[in-house]
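Accompanying notes for the structure given below.
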Amino acid sequence: MKKIVLFANTAWYLYNFRLPLAHALVERGWHVILIAPKDRYIASLRDQGFTVIELRMNRRSLNPLQELALILRLSHLLKGLKPNVIFNFTIKCVVHGSIAARLAGLHRRVNTVAGMGSVFSSRHWAMKPLKPAVRFLMKHSLAGRHSHCIVQNPDDQTFFLNNGIISPGQLHLIKGSGVDGSRFQPSASWLARQSHTPTPTSPYPSCSGNKRVLFASRLLRSKGIDYFIGAAKQLGEAYEFCIAGQPDPGNPESLQQEDLDQLCHTNITLLGHIEDMAPLLRSVDLVVLPSMYGEGVPRILVEAAATGLPLIAFDTAGCREIVVDGRNGYLVKPGNQQALNQAIQSIFSSQQHYQTLATNSRRHFLSQFEQCSVIAATINIIDLTAADNKIPATSASN
């Protein structure tokens, strides 16, 4: 039986983003082993029937000795497991997983870089000296005839090629990790507008009865949370602004709990961490992500599009793949608070305009981002890597 290792920096990521891929690989005859640091999703992955190996790591560590020790621990694991292929996710795991694999004599590697992340997007002073170092490490980590890399948007594809990080024949574009369109479906009110039938009660009733505008992401300043709060304050009581997410205390870019405490007496509803996004998305009217982060294709925007919601985002890499300006929402110049406010108002300028944007969102999702097509394209690259065949370059999502 062919054996594959999926390596990520959190079990949460594997459970929420890659579980369908893991099941699809099992159905195709692969023995799937998952490696990640311990968190509460380890048990959930094991409940799904997977072999899960806990690997001690600090995803924010910059200590060279700690990182070398991590690579050696992973290399030792890989020598014992002897997989046919290792599949690494996120920049840190791509670098560490590739180096460890090469030390273990494992040459067949598939890597996914879902956006350039905080190293390349953050304005924090500590990140600046890391850029050339990470670029160097990625170039040498991805080297090798049997190494292949998947990126999620054309901007990242261009960055990799222009910087000579990997050859064109080993770089593949697949937009996003896939979202299940049967789970993320339009709301009852959306369907009712199509058929003119009454709508059932939402599990997330509006506190104010106003149009509900949602931000759902990590509460990082590079994700645009300050601009979302700015829109809430400046647009007054015309809308109900909702924030789904929680502080990340170890991240210097994150809002902290005291920042959230100051919002308690505003028109902002704090929802905290939401385990299941599908019911929440069916209860809101608009999703806004004013992100300047190094996105791949933001999953929240893909889930919102699947739900038939209009979208607003800053015109940045990844966001422009799912938001088609004027068709299913608006792209706003990054950092322009006034333009963001105007875009929110424009979404609701008329019922007909809103419904057109909402319908186009669902159609755009189905055309490129449905889970089954993304998984099929990904497994094709894995199968061909394991078979030692030359993989034709992928220039568009499947």
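Details
- Failed item in (1) at pLDDT below 95; (2) farther than 23 Å from ILE375 by Cα; (3) surrounded by 18 or more Cβ atoms within 10 Å (Cβ to Cβ); (4) more than 16 Å from the chain's Cα centre (by Cα), with SER121 passing the rest: (4)
One line per residue, one yes/no per condition, for (1) at pLDDT 95 or above; (2) assigned to a loop (DSSP other than H, G, I, E, B); (3) under 21 Å from PRO298 (Cα atoms):
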{"residue": "LYS38", "(1), (2), (3)": "no, yes, no"}
{"residue": "VAL52", "(1), (2), (3)": "yes, no, no"}
{"residue": "ARG73", "(1), (2), (3)": "yes, no, no"}
{"residue": "CYS93", "(1), (2), (3)": "no, no, yes"}
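- Residue that is farthest from the chain's Cα centre (by Cα), among those in region 266-307 that are of a type in the set (Gly, Ala, Ser) and part of a loop (DSSP other than H, G, I, E, B): SER283
- Only one of ARG73, ARG28 that is under 25 Å from VAL151 (Cβ atoms) and surrounded by fewer than 17 Cβ atoms within 10 Å (Cβ to Cβ): ARG28
- Residues of region 363-398 that are surrounded by 15 or more Cβ atoms within 10 Å (Cβ to Cβ), under 27 Å from LEU309 (Cα atoms) and at pLDDT below 90: SER397, ASN398.
- Check on ILE312, among the β-branched types (Val, Ile, Thr) and either in a helix (DSSP H, G or I) or surrounded by fewer than 24 Cβ atoms within 10 Å (Cβ to Cβ) (or both): no
- Enumeration of residues in region 84-95 that are of a type outside the set (Val, Ile, Thr) and buried (at least 24 other Cβ atoms within 10 Å of the Cβ): PHE87, ASN88, PHE89, CYS93
Yes/no matrix, rows are residues, columns are (1) part of a strand (DSSP E or B); (2) without any contact (Cβ under 8 Å) to a residue 12 or more places away in the chain; (3) farther than 15 Å from GLN338 by Cβ:
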| position | (1), (2), (3) |
| --- | --- |
| PHE215 | yes, no, yes |
| SER222 | no, no, yes |
| TYR227 | no, no, no |
| LYS233 | no, no, no |
| GLU237 | no, no, yes |
| PHE241 | yes, no, yes |
| PRO252 | no, no, yes |
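The values are calculated or read from the model by the stated rules, or taken from the named source; none is laboratory data. Since this is a predicted model, take the numbers as computed values, not measurements. Please note: Cβ atoms are built from the backbone with ideal geometry, for glycine as well, and neighbour counts cover all protein chains shown.
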